[in-house]
Amino acid sequence: MAALTAPLAAQAQSRAPAQSAPAPGLPPSPLAGAQLTWQQCARLDQDNAARLACFDRWALQQQAPAAALPPAPPALAAAQPPDAPAVDKPVDVAQPATRVIAVADTEGCRDRQYSVLSRFWELEEGSSCGTFTFRGYRPLNVSISAADGRPQTPTSPAEGHTGTAMAYQPTEMRIGLSVRTKLAEGLLTRGDPLRRDSLWFGYTQQSTWQVFNSDLSRPFRTTDHEPELMYAYPLDLNLPGGWRWRYAGLGLVHQSNGQSLPLSRSWNRVYLMGGVELDNRFAITARVWQRIHESAADDDNPDITKYLGHSEIIGTWNMDPVNTLRGTVRGMLGGSGKGSVRLEWLRAIGDPAKSDLRFHLQLFHGYGDTLVDYNRKRTVLSLGVSLVDF
């Protein structure tokens, strides 16, 4: 081998000074300064001069360290191997769905490298926590509320659905439970390496407790139950002003208070939903629904859409890692000028990166504070703590 390579090395060294500069206008080849293998040289079969120069340099590298090598010959400096990888375009780090994601040591749905909506609906491969794991849905909360007046006697146009007056107090405790689990993922995006659609089941329960009303033995005044089936499909569409449309979906929801007559209230809806966001600061989510028709004999509240409308729009502003403001408007679309407005302030208790506990202040005004109060206008101020999971 030494007898073969020595003449090649001497030949390459003898012509190196005259060939030290690459051909004008040609980019240097990645082979020019690399530690070569004979397989790389063999692939240059379209240019005999480059292939010979490559083998000459490979032979030279067997005898001397790379630092001691002369500049690459022009034929080799201008050569590009047939299978040279293409240069990737720069990644737009401002876009949640296309930015470079670092390897995380937390579950994807809690990995703050992803946007809030991506983590909430697990829209991407990296933001998924898998199926049949329990997650929060709406905030779990405990609060004390004070209304502008005592709860009024429940009424409804349905026959036999008007209650009797009770000595309820305007101040009560509220307890909210809300969980969900992903039943399936990748139903329509199975071939997509990044995006994940998902099917969810959720359950929400809101209770009002007359904890200060000793005259009535501190009863639970209402408890609303809301099982729900939801499907979310991931999107990543550019909108004006830097906003991005992140998901669309549909759902089926039943809501009732589990009471017997005359206090029984319930309705069923199908809805379309979607959400947009502006980086991690702002998000707007919306639902538009249609009530499922019931017979007159089964309908507890035939005029409920007159008060609650056909839509819900939620706007969220993450002011900083600690403070979040949220506004919810119901009944703006398809209603009759009634509906409701809910304003909320959530402030992290402790380090928001490690704790999901939030101080929660809420102001509600309008109809539908509870299901039994769907046709009663109320103003309610609540103060408490919430546990969020998104």
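Some notes on this structure:
This table checks each residue for (1) touching a residue at least 12 places away in the same chain (Cβ under 8 Å); (2) among the hydroxyl-bearing types (S, T, Y); (3) over 18 Å from C109 (Cβ atoms).
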| position | (1), (2), (3) |
| --- | --- |
| R135 | yes, no, no |
| I144 | yes, no, yes |
| A165 | yes, no, yes |
| L177 | yes, no, yes |
| E185 | yes, no, no |
| R190 | no, no, yes |
| F201 | yes, no, no |
| S207 | yes, yes, yes |
| N213 | yes, no, yes |
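- Residue selected from the range 216-236 under the condition in a strand (DSSP E or B) and hydroxyl-bearing (S, T, Y), by the criterion nearest to the chain's Cα centre (by Cα): Y233
- Tally of residues being crowded, with 17+ Cβ neighbours inside 10 Å and not charged (D, E, K, R) across the range 313-353: 13
- Matching residues, the range 368-390, being surrounded by 21 or more Cβ atoms within 10 Å (Cβ to Cβ), within 30 Å of the chain's Cα centre (by Cα) and not in a strand (DSSP E or B): G368, D369, T370, L371
- Subset of the range 198-239 [surrounded by 15 or more Cβ atoms within 10 Å (Cβ to Cβ), under 23 Å from M173 (Cα atoms) and small (G, A, S)]: S207
- Flag for R195 being out of contact with any helix residue (DSSP H, G or I) (no Cβ under 8 Å at 6 or more places or on another chain), in contact (Cβ under 8 Å) with a residue 60 or more places away in the chain, surrounded by 14 or more Cβ atoms within 10 Å (Cβ to Cβ) and of a type in the set (D, E, K, R): yes
- Hey, Y271 out of contact with any Lys or Arg (no Cβ under 6 Å at 6 or more places or on another chain), assigned by TED's automatic domain parsing to the domain that holds S145, under 21 Å from V179 (Cα atoms) and of a type outside the set (S, T, N, Q) or not: no
- Pairs with Cβ under 7 Å, 6+ apart, first in the range 107-126 and in the same structural domain as I314 (by TED's automatic domain parsing), second at pLDDT below 90 and among the β-branched types (V, I, T): Q113/I101; G126/I101
- Pair list, Cβ under 7 Å, 6 or more apart: the range 349-360 residue farther than 18 Å from L383 by Cβ, other residue surrounded by 15 or more Cβ atoms within 10 Å (Cβ to Cβ) and modelled with pLDDT under 90: D356/V388; D356/D389
- S340 vs. criteria of a type outside the set (D, E) and over 22 Å from R174 (Cβ atoms): no
- Among the residues listed as R135, R174, the single one being part of a strand (DSSP E or B), buried (at least 16 other Cβ atoms within 10 Å of the Cβ) and touching a helix residue (DSSP H, G or I) at 6+ places or on another chain (Cβ under 8 Å): R135
- Candidates G251, G274, G309, G242 - the one that is touching a strand residue (DSSP E or B) at 6+ places or on another chain (Cβ under 8 Å) and exposed (fewer than 15 other Cβ atoms within 10 Å of the Cβ): G242
- Test: residue in the range 151-166 that is in a strand (DSSP E or B) and at pLDDT 95 or above: no
- The range 237-270, residues that are part of a loop (DSSP other than H, G, I, E, B) and at positive phi: G258
Rundown of residues vs (1) aliphatic (A, V, I, L, M); (2) more than 18 Å from L381 (Cβ to Cβ); (3) in contact with a strand residue (DSSP E or B) (Cβ under 7 Å, 6 or more places away or on another chain), yes/no style:
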site: I144; (1), (2), (3): yes, no, yes
site: A147; (1), (2), (3): yes, no, yes
site: A158; (1), (2), (3): yes, yes, no
site: A167; (1), (2), (3): yes, yes, no
site: T171; (1), (2), (3): no, no, yes
site: V179; (1), (2), (3): yes, yes, yes
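The values are calculated or read from the model by the stated rules, or taken from the named source; none is laboratory data. Remember, it's a predicted structure, so these values are computed and weren't measured experimentally. Reconstructed Cβ throughout: ideal geometry from the backbone, glycine too, with neighbour counts over all protein chains shown.
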